[in-house]
1. Going through the cross-link list A:K39/B:K59; A:K180/B:K19; A:K68/B:K89; A:K180/B:K40; A:K68/A:K180, which pairs have a Cα-Cα distance over 24 Å in this structure?
2. Using θ = phi - 60° and the Karplus relation 6.51 cos²θ - 1.76 cosθ + 1.60, list the HN-Hα couplings for the stretch B:25-30 in order, rounded to whole Hz, with x at every Gly or Pro.
3. If you plug each phi of the stretch A:180-196 into the Karplus form 6.51 cos²θ - 1.76 cosθ + 1.60 with θ = phi - 60°, what whole-Hz ³J(HN,Hα) values come out, in order, with x for Gly and Pro?
4. Using a simple spin-label model with points 7 Å from Cα along the Cα→Cβ vector, what separation in nm is obtained for A:K201 and A:E73?
5. I need the semi-axes of the equivalent ellipsoid of the stretch A:135-176: take the C-alpha gyration tensor, multiply each eigenvalue by 5, square-root it, list largest first in whole angstrom.
6. Averaged across the residues of A:54-60, what count of C-beta atoms belonging to other chains lies within 10 Å of each residue's C-beta?
7. Return the long-range amide H neighbours of B:M75 (sequence gap of 5 or more, or a different chain), with a cut-off of under 5 Å between placed amide H atoms.
8. What's the average, rounded to a whole number, of partner chain beta-carbon atoms within 10 Å of each residue's beta-carbon in A:22-28?
Amino acid sequence: MLASVATEVVQPDDAELVQRLKSRDKRAMEDLLQLHGSKLYGVAMQITRNETDAQEVVQDALINIWNKIEYFEGRSAFTSWMYRVTANAALMKLRKNKKFAHDVPLDVGSDDRDLPQIQVPDTKAAPDRDLTRAELGDQVRAAIDGLEEPYRTTVLLADVEEMSMDEIAAAMEVTVPAVKSRLHRARLALRKALMPYLKDKV
Amino acid sequence: MIQGVINYFKCLLNLSDCKNVHKLLFDYVEGNLPVEKHTKLSAHLRDCPLCLEYVNTYKLTIQTCHDCCQPKDEMPPELADKLRTFIQKEL
């Protein structure tokens, strides 16, 4: 009984956490790490796909959260704001590693000859049975990971992390039309790759 | 079967509208089209099953990516320890 009481963690809600961070309470940062660290790490891993980079990204994100908390005005959920800070830190890391060396044309035609290439095994053949949610998840993640940069990161930031076009443009240092073009191309390429799994669901 | 053939020919008659769907798809799905264009495109989708399937699978791709790709990596305990020390000593 005592043991269970001793290990019980009282989880502060995010409003209280934000208040404590704004009061420069370092213990609040430790609580943040305990409550949200895995999600921050997950965002960092998803974008960098590299454990060492992801570890550095989480540390950079924590520094940015600590330094910029006074600018958080509560217009979005605190968790969304933290994830955006982390995604931005991950992008900085990718940029340092020169993952965004080339740009892409803005025009997208109605055919798919110019779509980004996706290397996904076995997506051409229609599945002979309904996939479980986990199996579908594996196929979707493989398709996204099969996208070349900058399409992969763009679709992750927009459709998974739900960052706005303006935020993505600022983070990736490109124009909003360029973000829209990349995102549209990425979605069309993913749609094509995932069609065997999607067509029976519409 | 017959309905499918009818729909196919209806789509052939409306090729310019179908091309518009490809051109306007992104802004249509993002809700960025002016009302008049949005209404016109919605009307076309009611008449054109091929375009409707195209738009619906595009939307479903977005939804599926969102639902299936939420990060699920657990932070390694040694990294958590390292970051806790960093917070205590460096912030």
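FYI, it's all coordinate maths here, none of it is from the lab. Only a predicted model underlies this, so the values are computations on that prediction, with no experimental measurement involved. Cβ: placed from backbone, ideal geometry, glycine included. Neighbour counts: every protein chain shown.
1. Table pairs above 24 Å Cα-Cα are A:K39/B:K59; A:K68/A:K180.
2. Listing the rounded values in order: 3, 4, 5, 5, 5, 7 Hz.
3. Along the stretch A:180-196, the couplings run 4, 5, 4, 5, 4, 4, 5, 5, 5, 5, 5, 4, 4, 5, 9, 3, x Hz.
4. The modelled label-to-label distance comes out at 3.7 nm.
5. Three semi-axes, in Å: 22, 11, 5.
6. Across the residues of A:54-60, the mean count of other-chain Cβ atoms within 10 Å is 3.
7. For B:M75, the qualifying residues are A:S38.
8. Mean number of neighbouring Cβ atoms from other chains: 1.
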